[in-house]
1. Looking at 69, 3, which one is of a type in the set (A, V, I, L, M, F, W, C), within 18 Å of the chain's Cα centre (by Cα) and under 30 Å from residue 109 (Cα atoms)?
2. Given the structure, is residue 125 touching a Ser or Thr at 6+ places or on another chain (Cβ under 6 Å) and more than 20 Å from residue 39 (Cβ to Cβ)?
3. Residues of the stretch 40-72 being open to solvent by 70 Å² or more (accessible area, probe 1.4 Å) and of a type outside the set (A, V, I, L, M, F, W, C), which ones?
4. Return the residue satisfying two criteria in turn: it lies in the stretch 118-155 and is at pLDDT below 95 and of a type in the set (Lys, Arg), and of such residues it is farthest from residue 60 (Cα to Cα).
5. In the stretch 89-141, which residues are of a type outside the set (A, V, I, L, M), open to solvent by less than 50 Å² (accessible area, probe 1.4 Å) and within 17 Å of residue 46 (Cα to Cα)?
6. Could you please give the count of residues in the stretch 10-39 that are touching a residue at least 24 places away in the same chain (Cβ under 8 Å), open to solvent by 30 Å² or more (accessible area, probe 1.4 Å) and within 29 Å of residue 124 (Cβ to Cβ)?
7. Quick one: in the stretch 73-84, of everything that is of a type in the set (A, V, I, L, M) and surrounded by 12 or more Cβ atoms within 10 Å (Cβ to Cβ), which residue is nearest to residue 135 (Cα to Cα)?
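The values are calculated or read from the model by the stated rules, or taken from the named source; none is laboratory data. These numbers come from a predicted model, not from an experiment. Heads up, the Cβs are rebuilt from the backbone with ideal geometry, glycines too, and the neighbour counts pull from every protein chain shown. For accessibility, only protein heavy atoms count, side chains too; no ligands or nucleic acids. Shrake-Rupley method; radii C 1.70, N 1.55, O 1.52, S 1.80 Å.
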Amino acid sequence: MDAKTTWKGKLSFTGTGDSGHEVPLGASSSVGGDDDGLRPMELFALGLAGCTGMDVISILQKKRQEIAAFEVEVHMKRADEHPKVFTEAEIEYFVTGKGVQEKAVVRAIELSATRYCPAQAMLGQIMPIVVKYHIYEDKGDEKQEIVVSGTVDLE
């Protein structure tokens, strides 16, 4: 896999991946940037959320779960001192649908974490990752009701 960044001025770059898609990169005005793009470290969190999210939704669809909405949030803590590396992460899955089975959600999360998501496998080697899920019943008209919340033990 290859990637490149092209400087646009100050602390602004355009990042380009193997796929040819581009993403703006920037820094906050407090450090001399124009606040015009994602921070490079945000891309780690987005990559983790996207990697596991794509796995989990694909597995849930194969398990014929009726999903109406799906979100993945990643919360990452960083060290206080430079180079301010990530020290721990939490992944939260929010699944909304009709009759979604908790067992299917947990298994999809486990498979993503242990077999399919290279971002989670790699980051999990350097820091603890806590995994939580929330399943909501879709009540129509954009209404939902919490069914169950839990954690997945990946140890």
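1. 69
2. In short, no.
3. Once the filter is applied, which keeps residues that are open to solvent by 70 Å² or more (accessible area, probe 1.4 Å) and of a type outside the set (A, V, I, L, M, F, W, C), the stretch 40-72 yields 40, 42, 61, 62, 63, 64, 66, 71.
4. 143
5. 90, 92, 93, 94, 112, 117, 120, 124, listed by residue number.
6. 1
7. Going through the qualifying residues, I end up with 74.
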